[in-house]
Amino acid sequence: MSRRMSEATSIHSFDSIPTMADVEATLGSVDMNQRYELYSGRLISFAEVGHPCGHPVFCFLGLGCMRYYSVILEDLAFKHQLRIYCIDRPGVGMSHTAEPESWTPLRMAEIVEEMADGFNIQRFSVMGHSCGAIYAMACALRLKSRIVGTVWLMSPWVHLTLAKRMKWIKHVPTTLLKSQSTASLLYKSLSVAAKEPPRSSDPNILNYDREKLCKAMLEDNMAESLEGANNDLMVCLELYHSFGFSYKDVTLPVHVFWGTKDPVITREAVDWMEQKLEQCTLSVIDGGTHGLLWRADVVSKIFKGIASSWKLAEFERSLSQRWSIKQLGLSSNNNRHLAFRTSAYSANDQLQQAIQTSNIYDSLHEASLHPLHAHPLDDAESC
């Protein structure tokens with residue numbers, strides 16, 4: 001039977017500027033160190049941060065990054081009443097390993113589906129950073145009916161032919177790429193690239209030294225396992241096989257954030273996504289690097305969009321339920337029931353018409369869609 005397995009103490013919120021002792025206590029908390037047993041018997045480690053009763057969001061981090069990085073999302077997730085689930089992919093953190101030859105992004109979608117079923121999460125949102133975008137898009141394809149609103153991506157990894165700055169990796173011998181030392185070196189280099197320098201107009205997501213936080217998370221990460229960084233690397237390079245799908249197959253709306261100083265992902269790559277995806281919005285962050293996950297303004301935009309999508313979905317569900325009750329009332333009168341059945345409009349058409357003429361829907365619709373069309377991103381309000 002699938003179940004959660006937790007360790008250590010409970011996570012706490014910060015009423016003042018946290019010290020590194022607070023950080024270490026948080027990284028060792030129950031919510032940051034949970035494990036889930038799949039039906040196969042394999043264990044997957046994960047973290048939960050944000051509002052304990054918030055709307056569920058599965059967050060996929062970058063190359064080799066483990067669940068600890070979700071701590072920087074804690075305060076904003078709580079503010080927007082979201083519950084972030086951050087899963088360690090096989091071989092990362094405390095998650096059991098998987099053979100790189102058999103590991104694909106679509107298998108991650110299967111893990112998410114099993115965990116969501118185990119937690120009785122019927123619907124959820126998804127977001128991804130860097131190579132985590134591959135796994136977010138895999139979920140968008142396989143679990144489309146369960147995803148609420150937009151798929152949110154930051155500095156997304158794309159096919160290697162488009163990620164031109166990394167094409168040199170393809171020429172490195174496979175035996176060297178598969179070595180632990182190479183994965184560790186590459187992971188460290190991308191961790192450095194992921195650190196967004198603070199700006200006066202963009203306060204830290206959490207108010208303590210980012211360098212110390214990065215060091216603490218990196219040390220804890222390497223103390224557990226970095227073997228999964230190899231799997232991620234093989235997936236990014238499509239060394240054993242392709243992703244198993246194309247981003248173009250995803251029909252859900254996708255919102256991409258990309259920084260003009262990103263040393264990993266080129267503008268051509270995100271332009272390709274904007275052009276080829278069925279529904280794609282691109283927000284260009286002037287001066288942003290690969291580490292948009294650290295940007296409070298970007299994360300706040302995403303969380304506001306997710307929260308708006310949930311409000312809209314809840315209103316539409318409530319309206320649909322009221323419409324069903326109305327139909328039941330009509331069925332009590334045979335003549336009216338027959339008249340209803342022979343109406344020129346289907347139930348869905350009538351529902352859509354009711355939605356379109358609802359002032360409540362208009363306000364929610366405007367609130368949810370307005371932030372999606374900022375291109376490029378204006379100076380967003382800080383949290």
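Looking at (1) in contact (Cβ under 8 Å) with a residue 60 or more places away in the chain; (2) crowded, with 24+ Cβ neighbours inside 10 Å, which one does Met32 not meet, given that it meets all the others?
(1)
Please work out if Val256 is closer than 21 Å to Met108 by Cβ, in contact (Cβ under 8 Å) with a residue 60 or more places away in the chain and part of a strand (DSSP E or B).
Values: closer than 21 Å to Met108 by Cβ: yes; in contact (Cβ under 8 Å) with a residue 60 or more places away in the chain: yes; part of a strand (DSSP E or B): yes.
Considered against the rule, which asks whether it is closer than 21 Å to Met108 by Cβ, in contact (Cβ under 8 Å) with a residue 60 or more places away in the chain and part of a strand (DSSP E or B), Val256 comes out as yes.
Which members of segment 292-316 meet the condition of being of a type in the set (A, V, I, L, M) and closer than 19 Å to Lys261 by Cβ? Can you show your working first?
Taking segment 292-316 first, the residues of a type in the set (A, V, I, L, M) are 292-293, 296, 298-299, 302, 306-307, 312-313.
Listed by number, the residues that qualify are Leu292, Leu293, Ala296, Val298, Val299.
When only residues in segment 61-85 that are aliphatic (A, V, I, L, M) and either outside the structural domain of Arg295 (by TED's automatic domain parsing) or not in a helix (DSSP H, G or I) (or both) count, which is modelled with the lowest pLDDT?
Applying the filter and picking the extreme gives Leu63.
Would you pick out the residues in segment 110-146 that are part of a helix (DSSP H, G or I) and under 11 Å from the mean Cα position of the chain (by Cα)? Break it down into steps so the answer makes sense when it comes.
Going residue by residue through segment 110-146, those that are part of a helix (DSSP H, G or I) are 110-118, 132-142, 144-146.
Residues satisfying the conditions are Gly132, Ala133, Ile134, Tyr135, Ala136, Met137, Cys139, Ala140.
Considering only residues that are within 22 Å of Arg146 (Cα to Cα) and of a type in the set (Asp, Glu), which ones fall in segment 289-319?
Matches in segment 289-319: Glu314, Glu316.
Filter segment 92-126 down to the residues that are farther than 13 Å from Pro56 by Cα and small (Gly, Ala, Ser), then identify the one that is surrounded by the fewest Cβ atoms within 10 Å (Cβ to Cβ).
Ser102
The values are calculated or read from the model by the stated rules, or taken from the named source; none is laboratory data. Since the model is a prediction, treat every value here as computed from it, not as a measurement. Please note: Cβ atoms are built from the backbone with ideal geometry, for glycine as well, and neighbour counts cover all protein chains shown.
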